[in-house]
Amino acid sequence: MTEELKVAVDRKDNGAVLYTKGYINNVGGEEIAVRAYELMDAGVRTLLLNLRDTKIVNSIGISILIEIIEKMIDKGGKIAFCCLTPVIHKTFQIMGLANYATIFDNEENAMKELGL
Amino acid sequence: MTTTAERQMELTLPMVADIEIAAARAAGNLARELGMSSEKIDEMTHAIIEACINAREHSGCADNRIYLRFVGTSQGDGSRIDVWVTDHGRGFDPAEARSRRPAPGVSHKRGRGLQLIEAHMDEVSISTSSGGGTTIHMVKYEKKES
């Protein structure tokens, strides 16, 4: 069985929003990484990941998200997340991801704070 | 007199990509039948996913199977689900695995599976031996509001 992750990109003047739908596992994480690295190569330095349609993540997928965050920090940029389920929020905190990326309750607040 | 209802399910699953989702869905359906809240169910399913991934990635078992057993118990004061995830692999040393674990909240790319299981479940015990496989027994409780 496969649980394919879908990623949609919304380019903004000052960055981009990635919308994920589905399971963030190793394959899903790599799909997000491909899209994020394309945006970074194009000069995007502010990235918001909206996980409103993702209900399940695993530790391998999160490890890939941490790699993406590290690459963005190396480039002087920032990544934030919004619309996490409570269990995904808790998992991000345990995995240490919350130390390097801001987590917002909703997209409106995130866009305002990030200047998107 | 307290009424107790029990539901049981056993699954044997092949170690293929994303099979952990099938295990999580089965447990989630059972938990919903017991009236467990969605937040408790989400925590339990994430723990089951990590246990299945650990079995698939690290057990080195020859039969390529994960054996799962779920027992849901509903009583007057709430419900509980017991989950056993078993592999017939090489086993591991839980103390050694925990000693390699980074502190909670410290960014670290791998080796968080057991930590996540323990964070998401109310009770976790591990039976494992060298060459004798591993069983992780996890319990999730839901107390009714009084």
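The values are calculated or read from the model by the stated rules, or taken from the named source; none is laboratory data. Treat the numbers as computed from the prediction; the structure is a model and nothing was measured. Positions of Cβ are backbone-derived with ideal geometry, glycine not excepted, and every protein chain shown enters the neighbour counts. Surface areas here come from the heavy atoms of the whole protein model, side chains and all, with no ligands, DNA or RNA. Shrake-Rupley method; radii C 1.70, N 1.55, O 1.52, S 1.80 Å.
Details
- Test set (1) open to solvent by less than 70 Å² (accessible area, probe 1.4 Å); (2) over 13 Å from the mean Cα position of the chain (by Cα) - residue A:7 fails condition number: (2)
- Where residue A:93 falls short, out of the listed (1) within 14 Å of another protein chain (Cβ to nearest Cβ); (2) surrounded by 19 or more Cβ atoms within 10 Å (Cβ to Cβ): (2)
- The listed residues are B:68, B:114, and the only one of them that is within 11 Å of another protein chain (Cβ to nearest Cβ) and among the hydrophobic types (A, V, I, L, M, F, W, C) turns out to be B:114.
- The residue of the range A:28-47 that is nearest to residue A:116 (Cα to Cα), among those that are open to solvent by 10 Å² or more (accessible area, probe 1.4 Å) and of a type in the set (Gly, Ala, Ser), is A:43.
- Residue B:47 meets each of the listed conditions (1) of a type in the set (A, V, I, L, M); (2) in contact with a His (Cβ under 7 Å, 6 or more places away or on another chain); (3) under 16 Å from residue B:132 (Cα atoms) apart from (3).
- Within the range A:29-68, being of a type in the set (A, V, I, L, M, F, W, C) and within 11 Å of chain B (Cβ to nearest Cβ) holds for A:56, A:57, A:60, A:62, A:64, A:65, A:66.
- Qualifying residue in the range B:37-47 (condition: touching a Lys or Arg at 6+ places or on another chain (Cβ under 7 Å), among the polar types (S, T, N, Q) and in contact (Cβ under 8 Å) with a residue 12 or more places away in the chain): no
- Of all residues making up the range A:69-90, the number that are closer than 30 Å to residue B:121 by Cβ and in contact with a strand residue (DSSP E or B) (Cβ under 6 Å, 6 or more places away or on another chain): 8
- Selection count where residues are more than 12 Å from the chain's Cα centre (by Cα) and away from chain B (no Cβ under 14 Å), scope the range A:96-116: 12
- Residues in the range B:27-69 that are more than 12 Å from the chain's Cα centre (by Cα), of a type in the set (A, V, I, L, M) and closer than 21 Å to residue A:91 by Cβ: B:31, B:36.
- Of all residues making up the range A:69-90, the number that are more than 8 Å from every other protein chain (Cβ to nearest Cβ) and among the polar types (S, T, N, Q): 0
- Unique match (being open to solvent by less than 20 Å² (accessible area, probe 1.4 Å), more than 18 Å from residue B:48 (Cα to Cα) and modelled with pLDDT of 95 or more) among A:103, A:69, A:73: A:69
- Some residue of the range B:18-29 being in contact with a His (Cβ under 9 Å, 6 or more places away or on another chain) and either open to solvent by 10 Å² or more (accessible area, probe 1.4 Å) or under 21 Å from residue B:134 (Cβ atoms) (or both): yes
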